[in-house]
Amino acid sequence: MHKSYGVGTPVELEVLHGIDLVLERGEFTALVGPSGSGKTTLLNLIGLLDRPNAGRLFIEGQETGGLGEEDITRLRGRSIGFVFQYHYLLPAFTALENVMMPILAARGRPDDEMRATAATLLDRVGLTPWRDSKATEISGGQQQRVAIARALAMNPALVLADEPSGNLDTASADGVFDVLREINETSRTTFLIVTHDPRLAQRCDRIVELVDGRIVSDRPNAHVLRSSSG
Amino acid sequence: MKRFAFFELIVAFRFMREGLMQTLLIILGVGLGGGVIVFMSALLSGLQANVVRRTLNYQAPIRILPPDQVARPLRAVEGAEIAAQVQPRSQRLRSIDQWQKIRDQIERTPDVVAVTPVVAGPGFALRGDASKSVTITGIEPESYFRVIALDEKIVAGRHDIGPLDIVIGTELAKDLGANVGDKFRLATAVGANATLTVIGLFDFGNKGANERNVYVALRSAQNLLDLVGGASAIEVKVRDPFAAETIAQTIRGGTDLQVESWIVTNAQFFTAMRAQILTNTLIRLFVGLTVALGIASVLVVSVIQKQKEIGILRAMGASRGQVLRVFLIQGGAVALAGSVLGSALAWTFLLAWRELARNPDGTLMFIVEIEPSLFAIAMVTATLVGILAAATPARRAARLDPVVAIRS
Ligand SMILES: Nc1ncnc2c1ncn2[C@@H]1O[C@H](COP(=O)(O)OP(=O)(O)OP(=O)(O)O)[C@@H](O)[C@H]1O
Ligand SMILES: [Mg+2]
C-alpha cells in the first residue's frame, strides 16, 4: 500500500512507500520505528479509518477497496478493535457502558446479553470492582484496560493498538501489556501493537520495523518463540 | 439493521446530561422565547376574537339599504358620523321598496341564519336639561334578537319592547339620569316626538353603542321617522361572519340595493388588524429564529467539544447516520423541553393578564381564551425547529473524519 498526504496540494507527501504485510490469525506483532516513520498512518489504513492511495487491503480475505462508506464502517465495527495511546472513553458513561458501546452501536438496542459480554470482558481485564464507576473516576491504567475491553467487545479478529501503554508508568504499562498478551493467548485474537518500548516489543511474537515509510525488517522474535514453545 | 434508535437516544441524553449547565441554559432560553411566542399568539387571537365579537354585538354582519342616491344612509355606530347625520335636512330617510319580499328572498339565501327589518334614523333624547343625539332603531323584537342578541345584553329591566317602550344603553341612561321605569322624550328632525318609558338597559361592551343606540318598536320608529309601513334597512346574520362579504356579493347580484358587509364598513379595523397580525408575526418569527440560532450555536460548540468522542464512536463502528441522529435528537429534545417550559410560562402570563389587564373602570379589557391546541402546536413546531436547527451541527459531526477527530 502507498499513502500520501496532501494529494493535489503543493505539499503532497508520500508517507508510506509500498507496504507489503500479512498478519496471520492469532499473531501478536509489534510495529516499531522512529517517530514520523508512518506507524500510525499504517494502522489507520489497516483499521479502515483511512484509505490507501494505491494498493489493496484484505480483511479476513475480503478486499476492502470497493466497499462503500457504510460497509466500511460496519466491517470496521465488526472485525477491528482499537486501542489508542489515550483511552478516549466516553466520560458520560460508566466503565461497563463504555465496553457495551460498540455492541450497542451495532445492534441499536441494549440487552442483557451485551451487558453480560461487557461484564465478562471487564472481568478479564480485572476491573469488575469498577464496572459502575464513571470513566473519569478510575486511574490511567484502569482506563486503558477499559479501552482494551471495549476494543474486544465485538470479538474482533484484529486489535490495533497505537502505543497503548505510552501514557502509563512502567508498572501500569506492564499490566496493560499482560492483559493484551493474555487475551491473545486465550482468544487467538490477532494483535498489531505500535510501541516505542524495546522491552515490550521483545515480548511480541513478531517485530515489524518501519523506517521512512518502508518495512526495513520483519522477523519472528526468537526469545518469545522459545519461551512459548517451552 | 437497527429497528429503533436506542443507541442514538441513549448517547444523546447522556451527552445532554454531561453538559447539564449548557442544556439547562438553552432550555431556559428556548422556554423564554417560546413563552413569548405562545403568549403573543394567544393575545393576538384573543384580541381579534374579542374585537370581532364586540363589533358583532351590535352590528349585523350584513346590512341592506335602499339604492344609493347621493348621500349614504347612515349606520348606527361611530361618533363622527352622528354629527353628519343630524346636519342636512335634505337627507330624508327612505324605505326599501317591497322590503317584505326582499326579506323573504334573503332568508332563503344559503348561509343566512336570520333576517330582520329595521327603521333606523337620527333623533334626540330629551330629559330635563339633558339633550342627547341618538340613533333610533325600530325593531321587530322576535326576529331582531335572532340577528343581534340585544336580549342577552340587557343588564337591567326587560327587553319585550312595546309601542311606548324604549331600551337604551347604560351610558345614555347615565347621561340622561334615567333609569328603568323612567320616561323621556324622543324627538326627530321630521318634527315628530314621543314620550317613551325606559323598560331596559343594555350593555354592548362598547361605549359608543351604549351612549347612542336606542331601540323602540318598529311601528314607533316608523312614526317617529316618518316612514310608515317602511323599513330603512334589512339586517342579516350569516353563519360565518368572515364570509359576510362573499355572501353580500351574492345578495347584491341582480338588485340595485346597497348591500354592506361589516367587513367593508369596518375596513379600517380590518386594516389595523392586518397590520397588527403582520408585526406580531414578524416578532414571533424573529424570536423563533433567535431561539433556533441559540440551539444551533450550543450544538456547534458541543460538536467541537466532543470531537474525540465522536471520532471514537465512529472508529468503533457507529455510522454517520447514527452520529447525525445523536445531535438531531439533542436539538429536538432541547426544543421540546423548552417549549413545555415556554407553554407553562405563557400559561402563567395569560392567567396574570386576565387578572391585570383591566379597563379603567375595572372591567376586563378582554378575555383571552387559553386554547390547549395552541400549546400542542407550539410543542410540535418547536421540536421540528429544534431538529432543523440541529441539522447543520449534526451534519458537521457526522462528517467528522475519525482519524482527524482523534488526532487533533
Ligand atoms: N494528516 C496528515 N497530513 C499530512 N501529513 C501527515 C498527516 N498525518 C501524518 N502526517 C505525516 O506523515 C508522517 C508519518 O506520520 P505518522 O503519524 O504515521 O508517524 P508515526 O510513525 O506514527 O510517528 P509517532 O511515532 O511520532 O507517532 C509524518 O511525517 C507526519 O508528519
Ligand atoms: Mg503515531
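The values are calculated or read from the model by the stated rules, or taken from the named source; none is laboratory data. This is a predicted model, so every value here is computed, not measured. FYI the Cβ positions are ideal-geometry reconstructions off the backbone, even for glycines, and counts take in every protein chain you see. Surface areas here come from the heavy atoms of the whole protein model, side chains and all, with no ligands, DNA or RNA. Shrake-Rupley method; radii C 1.70, N 1.55, O 1.52, S 1.80 Å.
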Go through segment B:147-206 and count every residue that is among the basic types (Lys, Arg) and either over 22 Å from B:PRO122 (Cβ atoms) or assigned to a helix (DSSP H, G or I) (or both).
3
Residues that are closer than 22 Å to A:LEU67 by Cβ, more than 9 Å from ligand 1 (Cβ to nearest atom), touching a strand residue (DSSP E or B) at 6+ places or on another chain (Cβ under 6 Å) and not aliphatic (A, V, I, L, M), drawn from segment A:19-48
A:ARG25, A:GLY47
Filtering helices (runs of 4 or more DSSP H) wholly in segment B:217-309 for at least 2 residues that are buried (at least 20 other Cβ atoms within 10 Å of the Cβ), at pLDDT 90 or above and assigned by TED's automatic domain parsing to the domain that holds B:GLY123 gives B:218-224, B:244-252
For segment A:168-217, enumerate the residues that are surrounded by fewer than 17 Cβ atoms within 10 Å (Cβ to Cβ) and within 16 Å of ligand 1 (Cβ to nearest atom).
A:HIS196, A:PRO198, A:VAL211, A:ASP212, A:ARG214, A:VAL216, A:SER217
Evaluate segment A:125-147: report whether one residue or more is within 16 Å of ligand 1 (Cβ to nearest atom) and either among the β-branched types (Val, Ile, Thr) or over 30 Å from A:ILE207 (Cβ atoms) (or both).
no
Scan segment A:206-220 and give yes if some residue there is touching a Ser or Thr at 6+ places or on another chain (Cβ under 9 Å) and in a loop (DSSP other than H, G, I, E, B), otherwise no.
yes
Report the residue count in segment A:116-135 for those that are loosely packed, with under 15 Cβ neighbours inside 10 Å, assigned to a helix (DSSP H, G or I) and in contact with a Leu (Cβ under 8 Å, 6 or more places away or on another chain).
1
Inside segment A:53-84, the number of residues satisfying the requirement of being surrounded by fewer than 23 Cβ atoms within 10 Å (Cβ to Cβ), within 19 Å of A:ILE193 (Cα to Cα) and more than 10 Å from every other protein chain (Cβ to nearest Cβ) is 4
Would you say A:ALA149 is more than 24 Å from A:LEU49 (Cα to Cα) and assigned to a helix (DSSP H, G or I)?
no
I'd like to know if segment A:9-16 contains one or more residues that are in contact (Cβ under 8 Å) with a residue 60 or more places away in the chain, open to solvent by 10 Å² or more (accessible area, probe 1.4 Å) and over 19 Å from the mean Cα position of the chain (by Cα).
yes
Residue in segment A:30-42 that is more than 16 Å from ligand 2 (Cβ to nearest atom) and either within 14 Å of chain B (Cβ to nearest Cβ) or open to solvent by less than 40 Å² (accessible area, probe 1.4 Å) (or both) present
no
